[in-house]
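As structure tokens, the structure follows; a few thoughts come after it.
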Amino acid sequence: MNLLFEEKRRSIEAVMSRGDRMSDQSYIDRAMADMAATLRAQAEMMARQMASPTSAPTVAQPQNPVAAPDMVATPAPAPVAKTGIRAKSRIDDPEFENALLEMADREGWWHEDPDEIVAQFDMMLVGLFALQEEYLRYCVRKNLDPAAALPSLAGLGKTLSSVTTDIQASAPIEARPEEPERSRGDIVDANNASRRRKSKDGRRFSEHARRFLDLRSEGYDLKRRHETPDAGSGGRFTKTSRGNFEGTVRLFLEAHGDIFVENIDEDLLVDFFSLLDRIPANHGKSSKDRRPIRQVIEETDREERNTIARRKAEMERDRLSAAEIEEILDTLHVDRLRTNTCKRHMDAMDQIMAFAQFEGLRTDNPVKPVKWTSKEIKRRLAHEEDRDRLPWGDRLPGLLSSPIYRAPLEEPGDPVFWAPLLGLFAGFRMEEALQLRTDDFDTIEGVPVVKVQIVGRIQGRKSKAAKRDVPIHRTLLDLGILQLVELRQASNQTRLFPHLERGQTKKNFTEVFSKRFTNYRKRCGIYDPVRDFHSLRKDFQTKLTRAGVPYHSRKLLIGHELSDVTHKHYYPEGDTIEMMLDFVNRIDVDCSRILRPFGSPDEANVHRLSAIR
């Protein structure tokens with residue numbers, strides 16, 4: 001056995017002296033694996049000795065002995081049982097003895113040729129670590145000191161530590177971290193303590209992620225040790241971001257299981273991130289699909305390949321042109337997660353693992369070195385299909401002539417009718433329109449306005465700048481928006497759309513209504529993935545710009561913060577309400593074919609609104 005060690009040491013020194021390795025650290029890792037394999041051979045011989053309690057412990061001698069250092073501690077004899085019919089094994093613990101003997105018997109890896117041992121080092125390393133784990137369990141059961149209980153097995157750990165020290169001594173100085181001097185026994189104890197801490201006292205990823213999300217939902221930024229939680233910030237995180245983080249956590253658990261946070265390394269994260277842009281874009285949309293993520297990817301890849309191959313063969317048989325074949329095949333590729341979605345998952349993992357550093361669970365954040373760089377993201381975006389949101393533009397007549405605007409409404413306050421009009425003529429975000437209350441409608445100097453404001457705790461807005469008073473466009477007045485307000489007030493309803501329900505995840509109206517609006521557009525044949533509800537705000541801004549509305553006025557109307565110092569600090573009163581009304585009414589869209597929910601326009605509705613208020 002000593003000869004095997006000496007041969008391996010000479011090969012290590014020879015290779016390191018030639019400098020033909022890829023990197024010092026990777027070579028050290030391979031050398032350590034080879035050494036562990038040789039140590040595993042020693043463990044097998046010990047198992048044979050233990051199975052024969054009457055034989056004295058010996059060390060195998062090579063056929064051609066050579067001088068070699070004493071690198072393996074000779075096992076000390078243990079007392080043999082003095083009573084009983086059957087002599088007891090040297091290890092006074094059946095579970096440990098059985099685990100040791102079964103491992104050597106089951107794997108049958110022993111071979112006289114050292115090269116054969118090296119070729120199987122992966123399996124041997126697993127066996128070595130399993131042996132150490134069983135050794136520690138044995139010591140726990142017997143309440144023994146691991147370093148002194150079984151000198152033969154402890155000797156294995158000391159020898160491995162010694163080999164590590166020798167190899168690191170041959171590596172370049174700058175590659176070795178400076179550490180305080182410790183005895184070999186201290187190193188073994190520290191390694192064992194680290195393994196026990198990870199396997200027994202570590203924190204599972206699901207538990208860690210839940211703690212991170214709960215603290216963020218309480219309003220902690222988790223940037224400083226001592227901070228006061230902001231309940232408002234926590235509420236916004238819960239509504240807008242928590243669901244996305246939970247999606248990332250679910251993906252990671254599907255891909256790698258609920259492992260300890262301390263055991264997550266760069267290689268594992270590289271594997272996880274490599275899966276992201278292969279995940280179908282519609283993954284998670286169906287609650288019935290419970291397949292693991294790796295199975296989803298593999299089956300999607302296989303189905304995509306088969307479909308493309310089949311269609312290509314069919315088109316070639318039908319003698320379609322190369323251009324036709326190329327165009328059709330392009331449509332058969334399954335949409336996968338886009339670059340920005342993948343980046344969002346990486347950023348979520350980055351924050352979760354940074355929290356592990358914050359909590360003292362780790363000294364590093366393994367996400368930082370492996371997440372996509374800005375250059376990589378730009379490269380990927382440059383090769384992605386264009387899906388930037390566009391204004392409705394020339395397709396707006398198709399929306400305004402769809403069935404909801406041409407047929408009588410069962411309920412005059414149907415949000416599918418009114419919400420898009422509020423986006424087009426008032427620049428409202430979806431949630432701003434859907435959460436409107438009757439109290440949000442008012443008059444300023446005789447001009448009817450609709451307010452984006454927070455009343456109580458059930459309303460919200462994107463930012464402080466979102467608070468604004470928007471004059472009501474003449475088209476909305478003609479269609480009867482104030483008659484709808486009066487109708488709600490007469491029936492003691494505080495909300496403009498009282499039948500809307502909030503989503504279960506984000507607790508807002510958008511979560512449910514966005515799906516309803518998407519399904520409506522698909523049914524009507526006007527669906528376009530780059531033209532949605534938010535696109536109407538682009539139309540609002542585009543039409544104001546082309547109508548010559550000043551930049552600062554457009555920002556105030558759409559709810560964006562003023563960045564210009566002159567207007568922000570030296571024009572505090574801003575434009576008059578009459579000026580703002582003129583700006584809004586410059587938006588010219590033909591709505592003459594829309595069927596009014598309340599019949600002919602009521603010229604007195606503005607005065608009635610003022611009287612009611």
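No value in this document is a laboratory result; all are computed from the given coordinates. Note that the structure is predicted; figures quoted are calculated from it, not measured. Neighbour counts run over all protein chains shown; Cβ positions are idealised from the backbone, glycine included.
Data for the structure
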read-out	value
Vicinal HN-Hα couplings computed from phi for region 265-280 (Karplus, 6.51 cos²θ - 1.76 cosθ + 1.60; Hz; Gly/Pro x)	10, 5, 4, 5, 5, 4, 5, 5, 5, 5, 7, 4, 7, 9, 6, x
Pairwise FRET efficiency - Thr307 versus Leu268, Cβ, R0 = 22 Å, nearest 0.05	0.10
Gain on full stretching of the segment that runs from Asp414 to Thr331 - 0.36 nm per residue minus C-alpha separation	26.3 nm
Integer Hz, Karplus 6.51/-1.76/1.60 couplings in order for region 396-413, x for Gly and Pro	4, x, x, 5, 6, 10, 6, x, 4, 9, 10, 10, x, 8, 5, 10, x, x
Pairwise centroid distance, computed over Cα atoms, of region 287-317 with region 333-401, Å	25 Å
Nearest-0.05 FRET efficiency for Thr228 and His383, computed from C-beta distance (R0 56 Å)	0.80
Three-way shape call for region 205-383 based on the alpha-carbon gyration tensor, with the a/c threshold at 1.5	prolate
Per-residue ³J(HN,Hα) for region 374-384, Karplus 6.51 cos²θ - 1.76 cosθ + 1.60, θ = phi - 60°, Hz, x for Gly and Pro	4, 5, 5, 5, 4, 4, 5, 4, 5, 9, 8
Region 460-542: GluC sites (Glu not before Pro) in DSSP coil with no more than 12 other Cβ atoms inside 10 Å	Glu501
Long-range HN-HN contacts of Arg468 with modeled amide H, under 5 Å	Val452
Extension gain (nm, one decimal) between Thr576 and Leu390, 0.36 nm per residue minus Cα-Cα	63.8 nm
Simple label model, 7 Å out from Cα along Cβ direction - Asp439 to Val530, nm	4.3 nm
Of Lys538/Lys568; Lys223/Lys371; Lys239/Lys368; Lys343/Lys522, those spanning more than 32 Å from alpha-carbon to alpha-carbon	none
Residues with amide H under 5 Å from that of Arg437, placed H, sequence gap 5 or more	Leu496
